[in-house]
Amino acid sequence: METTCVILCGGHGRRMGSSRHHKVCFPIAGVPAIVRIIDTLKSAGLKHFLLVVGQRAVDVMETVTRVHPDVSFAYQPEALGTGHAAGCAARVLRDRRAGGDVLITMGDKVIEAQVVRDLMERHRSEAADLTLAALPKETESSAGRILLNSESRPLAVVEVADIHRSSETGIPIAVGGTEMSAAGIESGSRLLNTSLYLFRAESLHSSLAALAADNAQQELYLTDTVEQVSANGGATSVLEVADPQDLMGFNTPEELLRIEETLGRRKPHGEGPAEPLPQIDPSRLKPAGEWLEILNRKPPSLRRSLSQVYGSGGVLLEQRIRACRRLLERFVESHGGARPVVLARAPGRLNLMGRHVDHRGGYVNTMAINREILLAASPREDDSITLRHLSSDEFPDRTFRIRDLLPDTDWLAWMDFISSYTVNQFLSVSRGDWSNYARAAVLRLQHAYPHRRLRGMDCVVWGDIPLGAGLSSSSALVVAMAEASVALNQLALSTRQFVDLCGEGEWFVGSRGGIADQAAIRGGEKDKVSKIGFFPFRIEETIDLPRELSVIIANSQAAVSKSHEARHTFNHRVACYDLAEMLLRKHASFLGAMKHLRDLDPGKLGLSQAEIYRLLKQLPQQTGRRGILKQLQDQTERVEEIFSTHDDLGNYPLRGVALFGVTECRRSDRFSRLLKDRRFARIGEMMRVSHDGDRIVRHDQDRPRPHSTACGDLHLDRLVRDSFSPDPARRESARLWMQPGSYACSTPKIDRIVDLACAQPGVVGAQLSGAGLGGCAMILVRTEAVERTLRHLTRAWREAQGLEVEAYVCRPVAGSGLINCR
């Protein structure tokens, strides 16, 4: 059943000081607040709306229906509180026999669409009866205080007015059957209510029926439903929103002005229709013929601009100038020299530490590399996309319309859309086609902006990122297309929004990865390694890549395609994570609030390292679908949804995958500190352990033998004992970051390259690059040993494989964007 969105707009809003307009009709950056929030909620996938109106109902209804005529209304005759307003909506929903979930919020909110998506995902994954969004507590805030139970689940929300009354009268407040003082509530709460709720319909109706106005304001509080649901044995959950600017509200003109100032700095209008930007910077949008003339002249301004991206090395600059010139010559040949063009670029990426854990909340330590996709794009009047590649034999010309797969009405949520019969049928006949990645970018952008018809583009593409090498050639194409489309459609997106949309867009081809690749491609800096965190997305810090270190990429020449045969294996490993997390929460009730596998951390949970091993021991080493369904009988719908992402490949190695994820999160967090401190030997040790978690074979005197990592009960028992050993060496070997786990996504050829490299003097470490199942190995080497290492790899690979090795040195370059020249 589909979710209905209820927006409460029945209050007086007297503090706005207007006798004519309801406060939800006040414009924010030129768009009425109520229209803005509906835009945002629609872009998050909601399509059924019921607005509760009361005071100045005509003003609200006229404002809304001019833009959103599909919205329905319920009338609240008296302003008797938010609980009463929600009850007015509930009666309409009951009459309609609407049985799906119900999202409730207020019309005076400005919410990021990603928050809404995250809320719906949390509600679904935890099978909750009620999920609410929360912000970190600020003592001066007037928002209700959220109290959590021993399992970190919402127990109640206490309004500030009632806290003040308790403080003045000394009468305690009953919370969950316990009487609490005002001071106790303040000290015991760390989260603030944001008035964004998601209910299971039955829980909403039953909890509203039990409300009473026995409070300081003599009103029915919607917030009291939290305690009602909890008291009735329902499952409550909370989504903690890290950034207060992702969920803002206003009651006064001053607060409204602060929101406008914030949006002016961040620039996005949710993720729905954006305010038009000024004309595109002429240093970026020029006629194709003018670009060619500049590239032929190579003025100092061009060299300065490119050196900010690639560094001052003359060879790479000349290579990029020649590539841009070839790109534009082909564009002029196809479309003429008068057409305005932007030149978008998106580099490949390397992840030096933090494989397979970005979607578990772990860090990645990435650098954008000097291999990239270049794209010349010119806007069209219609929504057609034409694609031409300089390597046309390998990448044939393609043309499609953005809205071919997106009907004009009844748009599904993005996850429902990409799982739909229409998309599956389309991919069944086109899987592996290079244009699907270009289509993924513009489809996701169009889906996020349902009320704007995005312009099509005529595009010419060039790239030198090896395909299937684990360097994110496909993600680079997605990002380059998004850069061009965002620029030519003048969309206003923050970096976080851009990265989220690119990552979600790539799900269109069938994979279900995180956003680490897109974040690395967009957020790279010249000569630096970026430590990137997730949930929330942030670039935590950038660290200089020491000049005494270089990175060699060695291609195994066994390509892997995420959109073909390997897709099910990738999604199978992700499913292992999801299922392991569900079982851990079931086995240990205090893990109920664990949102991501990274949170299985001794420091965060107040547990010893040994207790982490004991928790992991509760996971089965191997189990099939029948065994999983038996253990998770109460979450069958979610389990079946996970199973649907991939073919049945047999057993799920839950313990080995979870152990890898937990320990890789520790390694990825430590890496940046070690790099800054130039502790290269320790880095090499971490790379060895990390790769062993993916290893398939080990080469002993040139003979391959199968590799398996110990994850059995006896091994975990030994780690528990060694954690308390008086022997420092045994304690060190038992540390979490020293455990490889078993993700097993390498290949024998990559393992061979790693072993050949690590045997060489001057090599710090080597490991799998990318998601695995083919592609490259990355080798971190002291700069003075680069040539010697390359010669050794060339000779040894020729002897072992009868092939010339494809190996080259990479340096960090700037992240994706548009090339400019003033």
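The values are calculated or read from the model by the stated rules, or taken from the named source; none is laboratory data. The structure presented is a predicted model; accordingly, all values stated were derived computationally and were not measured. Here Cβ is always computed from backbone atoms with ideal geometry, including for glycine, and neighbour counts include all displayed protein chains. For the accessible areas, the whole protein counts, side chains as well, though only heavy atoms, and no ligand, DNA or RNA atoms are used. Shrake-Rupley method; radii C 1.70, N 1.55, O 1.52, S 1.80 Å.
Could you tally the net charge around Thr223, taking each other residue with its Cβ under 11 Å from the Cβ of Thr223, Lys/Arg +1 and Asp/Glu -1?
Numbers: positive: Arg145; negative: Glu159, Asp162, Glu219, Asp224, Glu227.
Net charge in that neighbourhood comes out at -4.
Roughly how many Å² is the accessible area per residue of the chain, as a whole number, for a 1.4 Å probe? All intermediate terms of the calculation are to be shown ahead of the outcome.
Values: 32000 Å² over 822 residues.
Counting only protein heavy atoms, the per-residue value for the chain is 39 Å².
Multiply the residue gap between Glu804 and Val429 by 0.36 nm, knock off their C-alpha separation, and tell me the result in nm, one decimal place.
Details: separation 375, 0.36 × 375 = 135.00 nm, distance 3.50 nm.
Stretched out fully, the Glu804 to Val429 stretch lengthens by 131.5 nm.
May I ask you to order 324-334, 162-172 by the average number of other C-beta atoms within 10 Å around their residues, highest value first? Could the numbers behind the result be given before it?
On the way: 324-334: 19.0, 162-172: 14.5.
Packing proxy ranking, top to bottom: 324-334, 162-172.
How about Lys47: which aspartates and glutamates have a C-alpha closer than 16 Å to its C-alpha, ignoring those fewer than 8 places off in the same chain?
Glu2, Asp39, Asp70, Asp101, Glu271, Asp408, Asp410, Asp416
Quick one: angle between helix 713-723 and the longest Cα principal axis of the chain, in degrees between 0 and 90, rounded to 10, please.
90
If you roll a 1.4 Å probe over the chain with all protein chains in place, what percent of the accessible area is carbon or sulfur?
Values: 15560 of 32000 Å².
Of all accessible area on the chain, carbon and sulfur atoms account for 49 percent.
How large is the translational diffusion coefficient of segment 482-594 in µm² per second when you combine the Kirkwood radius over alpha carbon pairs with Stokes-Einstein at 4 °C and 1.567 mPa s? Walk me through the numbers before you get to the answer.
Values: Rh = 17.4 Å.
Result for D is 75 µm²/s.
Report the FRET efficiency, 1/(1 + (r/R0)^6), for Glu261 and Asp70, where r is their Cβ-Cβ distance and R0 is 25 Å, rounded to 0.05.
It comes out at approximately 0.20.
Sum up the charges of everything whose Cβ sits under 13 Å from the Cβ of Lys109, counting Lys and Arg as +1 and Asp and Glu as -1, but leave Lys109 out.
Values: positive: Lys23, Arg36; negative: Asp39, Asp108, Glu112, Asp246, Glu255.
Taking every Cβ under 13 Å from that of Lys109, the sum is -3.
Given 10 Å bins starting at zero, what is the percent of C-alpha pairs of segment 674-765 in each, up to the one with the largest pair distance?
15, 39, 35, 11, 0
Diagonalise the Cα gyration tensor of the chain and give the resulting equivalent ellipsoid semi-axes, square root of 5 times each eigenvalue, largest first, whole Å.
On the way: eigenvalues 422, 257, 107 Å².
For the chain, the ellipsoid semi-axes come out as 46, 36, 23 Å.
Using 0.36 nm per residue of separation minus the Cα-Cα distance, give me the extension gain between Asp717 and Glu290 in nm, one decimal. Write down the numbers at each step before the final one.
Details: separation 427, 0.36 × 427 = 153.72 nm, distance 6.94 nm.
My answer for the length gained is 146.8 nm.
With the crude spin-label approximation of a point 7 Å out along Cα→Cβ, what separation in nm comes out for His21 versus Ser644?
Once both label points are built, they end up 4.4 nm from each other.
So, in nm, how far is label Glu179 from label Ala231 when the simple model puts each one 7 Å beyond its Cα toward the Cβ?
Distance between the two pseudo-spin positions: 1.6 nm.
Summing Lys, Arg as +1 and Asp, Glu as -1, what charge do residues with Cβ under 15 Å from the Cβ of Ser608 carry, Ser608 excluded? Walk me through the numbers on the way to the answer.
Working: positive: Lys604, Arg614, Lys617, Arg666, Arg721, Arg731, Arg735; negative: Asp601, Glu611, Asp717, Asp722.
With Lys, Arg at +1 and Asp, Glu at -1, the neighbours total +3.
How far, in degrees from 0 to 90, does helix 33-43 lean away from the longest principal axis of the Cα atoms of the chain, to the nearest 10?
Compared with the principal axis, the helix lies near 50 degrees.
Once both axes come from the Cα atoms, what is the angle between helix 160-169 and the longest principal axis of the chain, in degrees from 0 to 90, rounded to 10?
It is inclined by approximately 50 degrees.
In straight Cα distance, which aspartates and glutamates are under 15 Å from Lys595, not counting same-chain residues fewer than 8 positions off?
Output for Lys595: Asp118, Glu121, Glu126, Glu151, Glu240, Asp358, Asp578, Glu581.
In nm, what is the difference between 0.36 nm times the number of residues separating Ser167 and Val58 and their Cα-Cα distance? Please report the intermediate quantities before stating the final value.
On the way: separation 109, 0.36 × 109 = 39.24 nm, distance 4.06 nm.
35.2 nm is the gain from fully extending Ser167 to Val58.
Among 494-507, 175-188, how do they line up from the highest to the lowest mean number of other beta-carbon atoms within 10 Å? Intermediate values should be presented prior to the final figure.
Working: 494-507: 22.7, 175-188: 14.7.
Ranked from most to least packed, the peptides come out as 494-507, 175-188.
Taking a 24 Å limit on the Cα-Cα distance, which of the listed pairs Lys528/Lys604; Lys42/Lys109; Lys42/Lys604; Lys526/Lys604 fall beyond it?
Working: Lys528/Lys604 29 Å; Lys42/Lys109 15 Å; Lys42/Lys604 36 Å; Lys526/Lys604 34 Å.
Checking Cα-Cα distances, Lys528/Lys604; Lys42/Lys604; Lys526/Lys604 exceed 24 Å.
Which whole-number percentage describes the relative contact order of the chain, with Cα contacts under 8 Å and a sequence gap of 6 or more? Spell out each step's value before the answer.
Details: 1649 pairs, mean separation 108.5, N = 822.
Answer for the chain is 13 percent.
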